[in-house]
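What follows is one structure encoded as structure tokens, with my remarks underneath.
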Amino acid sequence: MTRVFILAGPPASGKGTQCEKLVEQYGFVHISTGDLLRAQQKTNPSLAEYMNSGALVPDEMVISVVAERLGRADVATKGALLDGFPRTLAQAQELATKVKVTSFISLEVADEVVVARISGRRSDPETGKVYHMQFKPPPAEIVDRLITRGDDTEEKIKVRLGNFHKNNSSLQTFYASKLCQVECGADSTPEGVYERVQAEVERLQSKM
Ligand code: AMP
């Protein structure tokens with residue numbers, strides 16, 4: 001049976017870092033809707049408008065992008081790791097018509113921590129990798145080419161957090177039987193969080 005893990009959490013909760021570690025260890029196909037949508041912005045400028053303002057992209061657009069990716073052969077053999085999807089109940093309901101979700105792992109991070117973290121975030125336009133000047137420093141040789149994402153400002157993070165809270169409780173209720181909450185405090189390290197994320201993946205792998 002295809003394994004489908006969802007890694008959820010507010011913006012800047014460390015989903016990307018945890019996904020990198022999971023992909024490296026378990027070989028899952030990483031499906032980040034933020035990355036997939038950013039890659040399509042050039043051919044579909046309306047996407048940029050939603051994304052630059054911090055708003056959610058309409059469900060139908062996101063679902064079609066994810067459905068296309070989930071339908072490829074590598075997902076059946078390697079399993080999928082969904083990052084940033086589903087973000088609304090409608091997306092979760094639609095996903096349920098396509099695959100059986102194995103676990104919904106939720107990184108629980110307080111709003112103040114998110115706001116504090118966002119100011120140090122930088123992205124590498126060449127690789128798409130995300131760094132944090134304090135918590136995940138980039139290699140010195142690429143620092144000059146790093147950019148701050150247009151939606152990583154304090155004003156836009158408030159919009160993104162608002163969207164997150166509006167949808168999060170209905171998503172957690174929808175996935176109640178598969179929910180694994182991982183508490184991440186201001187001083188949690190990526191390694192400490194990963195130990196708990198990994199424990200959940202191991203628990204479920206052993207059942208499959
Ligand atoms: P992320 O990189 O996950 O923070 O996503 C960046 C932006 O892409 C979000 O602020 C939304 O505008 C859009 N986006 C990503 N995933 C979704 C989704 N599942 N539903 C709606 N919009 C999304």
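The values are calculated or read from the model by the stated rules, or taken from the named source; none is laboratory data. Computed from a prediction, not measured in an experiment: that's the story for all the values here. FYI the Cβ positions are ideal-geometry reconstructions off the backbone, even for glycines, and counts take in every protein chain you see. Side chains are part of the model used for accessible areas, which takes the heavy atoms of the whole protein and leaves out ligands, DNA and RNA. Shrake-Rupley method; radii C 1.70, N 1.55, O 1.52, S 1.80 Å.
For the reader, a short list of remarks on this structure follows.
- Per DSSP, loop GluC sites (Glu not before Pro) in segment 125-208 with at most 15 further Cβ within 10 Å: 126
- Theoretical ellipticity at 222 nm over the chain - DSSP helices of four or more residues, -39500 (n - 2.57) apiece, nearest 500: -14500 deg cm²/dmol
- Computed over all pairs of different Cα atoms, the Kirkwood value for the hydrodynamic radius of the chain is 17.6 Å.
- Heavy-atom accessible surface of segment 69-150: percent carbon and sulfur, 1.4 Å: 53
- Averaging the sequence gap over all C-alpha pairs within less than 8 Å and six or more residues apart, then dividing by the number of residues, gives segment 1-145 a relative contact order of 38 percent.
- Antiparallel bridges, percent of DSSP beta bridges restricted to the chain (to nearest 5): 25
- Shape analysis of segment 91-175 based on the Cα gyration tensor places the equivalent ellipsoid semi-axes at 30, 17, 12 Å, largest first.
- Restricting segment 102-180 to trypsin sites (Lys or Arg not before Pro) in coil, as DSSP defines it, with at most 13 other Cβ within 10 Å: none
- For segment 1-115, Kirkwood radius (reciprocal of mean inverse C-alpha pair distance, Å): 14.7
- Viscosity 0.692 mPa s, temperature 37 °C, Stokes-Einstein D of segment 147-196 from Kirkwood C-alpha radius, µm²/s: 245
- For segment 1-46, the equivalent ellipsoid built from the Cα gyration tensor has semi-axes of 23, 14, 10 Å, listed from largest to smallest.
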